[in-house]
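Notes for the one structure printed next.
Please treat every number below as a calculation from the coordinates, not as lab data. Just so we're clear, the structure is a prediction, and the values are computed from it rather than from any experiment. Virtual Cβ from ideal backbone geometry, glycine too; neighbours counted across all protein chains shown.
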Amino acid sequence: MNWRVLPHTDFPKYKEQWAQLNNETMRLAFFEPEFVDALATYFFEGDELLVLALEEENLVFAAFLRPLGKGQWTLAMPSQNPLGLMLHKSPILDNKIVSQLANALPGSVAMIDFLQTDTRHTQFASEGAFESMPYITTGNRPIPENFDDYFKSLGKNMRQNYNKVNNRAARAEDKLSWHKVDTRETVKQAILEYGEIESAGWKNEKGTAISPDNEQGQFYLKALSEMADKGQACCWYFLINDQKVAVDLCIQKDDCLIILKTTYNEEFNKQSPALMLKLEMLKHYTENKQTEGISNIEFYGKAMEWHKRLDSELREIVHVTWYKNSLVKSGVKLLKKLKS
């Protein structure tokens, strides 16, 4: 393989090859060039490198890495992306290919951290050079073949809660509805409205709410509006009496929808708007499989109780560390033990 190590600012020159490798491998919306470019624009620290491996001019490995310290490197991992920024043609990463990666990086490399790798898409060889550590359990929900049958299969509490919300609304003569938007301007507006709802809640107190004036808001505005132009972004609202009380920011590629962020108006806790919205999404995609083309919804965050209540499929997201040799591995573990 021919390895190239470049400043991350060279990414625009390789966007098409990156996109092709994503199409050939993971096919994930957050690895689309527009999303990656926005991550680099707003959240890279400046020392990230773009590392590429080619076989006969075909890209077979691509990743953004940054130095942690002497001899230590890690995948670039902005918190706004569910996984570490890496694509690879081989389904299994073994000591041979990672050793080549280490040799390509500047200086003497003793260890590389592969942060937040999805066990569905990335496997590591069962060799002593690798050590895996659980990060989170995440979930996805395949679109049911028939929504009524799916709903009947859910737990009693889940069904009762859904019916209770609808019955309470009927008695109060409240109108419950949902709305989906997917154009550049409507997606941008949804992000602004998302920020308004989030700013009224606990995230505003912590300073983590989306706002058009902060990097978080600017990132989502740039990434999702550009992806909307390609038909790869949409936002969902849940409304009570035409008031927007929950918003999901989503991106999609092929048959997979990824929910990036969810917020809801805390004044409407009793109506469970965020959970009600998920059920309405599942119902819509079930009833419109041909026109929407979505067969799977990915959550990617830590699996919560409501994921399980939706009968989601669960799997592991892991951190994996590669060590140059057993001596390095023992030394790193000793240092960690002494620091703890």
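What is the extension gain from GLU24 to LEU334, computed as 0.36 nm multiplied by their sequence separation minus the C-alpha to C-alpha distance, in nm to one decimal?
This chain segment gains 107.5 nm when fully extended.
Just how far, in whole angstrom, is the stretch 297-311 from the stretch 77-141 if you go by their alpha carbon centroids?
The distance from the Cα centre of the stretch 77-141 to that of the stretch 297-311 comes to 24 Å.
Considering the chain as a Gaussian network with a 10 Å cut-off on Cα pairs, which listed residue, GLU185, GLU55, GLU215, attains the greatest mean-square fluctuation?
Checking each option, the largest mean-square fluctuation is seen for GLU55.
Given 4 °C and 1.567 mPa s, compute D for the stretch 299-340 with the Stokes-Einstein relation, Rh being the Kirkwood radius over Cα pairs; round to the nearest whole µm²/s.
It diffuses with D of about 96 µm²/s by this estimate.
Considering only DSSP states other than H, G, I, E and B, which GluC sites (Glu not before Pro) in the stretch 276-330 qualify as loop sites with at most 10 other Cβ atoms within 10 Å?
Counting only loop positions with at most 10 other Cβ atoms within 10 Å, none of the GluC sites (Glu not before Pro) in the stretch 276-330 qualifies.
I need the semi-axes of the equivalent ellipsoid of the stretch 111-192: take the C-alpha gyration tensor, multiply each eigenvalue by 5, square-root it, list largest first in whole angstrom. Each step should come with its number before you reach the end.
Working: eigenvalues 331, 99, 33 Å².
For the stretch 111-192, the semi-axes come out at 41, 22, 13 Å.
So for the stretch 242-327, considering every pair of alpha-carbon atoms, how many percent are separated by more than 14 Å? Provide the component values of the computation, followed by the final result.
Working: 2641 of 3655 pairs.
Value for the stretch 242-327 (Cα pairs over 14 Å): 72 percent.
Skipping prolines and chain starts, which residues have an amide H placed within reach, meaning under 5 Å, of the one on LEU105, given they are 5 or more residues away or on another chain?
Under 5 Å from the amide H of LEU105 lies no amide H from a residue far enough along the sequence or on another chain.
On a 20 Å Cα-Cα criterion, which of the cross-link pairs LYS156/LYS180; LYS302/LYS324; LYS180/LYS302; LYS164/LYS278 come out too long?
LYS156/LYS180; LYS302/LYS324; LYS180/LYS302
At 0.36 nm per residue, and after removing the present C-alpha to C-alpha distance, how many nm does the segment from HIS284 to GLU131 gain when stretched out fully?
Between HIS284 and GLU131, full extension yields an extra 50.9 nm.
Loop only per DSSP, at most 13 neighbouring Cβ atoms within 10 Å: give me the GluC sites (Glu not before Pro) in the stretch 1-54, ordered by residue number.
Details: sites: GLU16, GLU24, GLU34, GLU45, GLU48; in loops: GLU45, GLU48.
Those that pass, being in a loop and sparsely packed, are GLU45.
Tell me, what HN-Hα J-couplings in whole Hz come from the Karplus equation 6.51 cos²θ - 1.76 cosθ + 1.60 at θ = phi - 60° for each residue of the stretch 257-263, using x for Gly and Pro?
Couplings: 9, 10, 8, 7, 8, 10, 9 Hz.
Please compute the contact order of the chain in relative form: average sequence separation of alpha-carbon pairs under 8 Å and at least six residues apart, divided by the residue count, as a percent.
22
Anyone know which of PHE219, PHE31, PHE151 comes out most mobile in the 10 Å Cα GNM of the chain?
Maximum among the listed residues: PHE151.
Which value results when the Cα radius of gyration for the stretch 142-301 is divided by 2.2 N^0.38 Å?
1.05
Treating only the Cα positions of the chain as identical point scatterers, give the base-10 log of I(q)/I(0) from the Debye formula at each q in 0.11, 0.14, 0.15 Å⁻¹.
Here log10 of I(q) over I(0) equals -0.79, -1.17, -1.29.
For the stretch 34-87, what is Rg from Cα atoms divided by 2.2 N^0.38 Å, rounded to two decimals?
1.19
Given springs between every Cα pair under 10 Å in a Gaussian network model of the chain, which of GLN232, GLN123, GLN290 has the largest fluctuation?
In this elastic network of the chain, the residue with the biggest mean-square fluctuation among GLN232, GLN123, GLN290 is GLN290.
Under the √(5λ) rule applied to the eigenvalues of the Cα gyration tensor, what semi-axes describe the equivalent ellipsoid of the stretch 1-55? Give them in Å, descending.
Working from the Cα gyration tensor, I get semi-axes of 18, 16, 8 Å.
Would you work out the relative contact order for the stretch 63-193, in percent, from Cα pairs under 8 angstrom that are 6 or more residues apart?
Relative contact order of the stretch 63-193: 18 percent.
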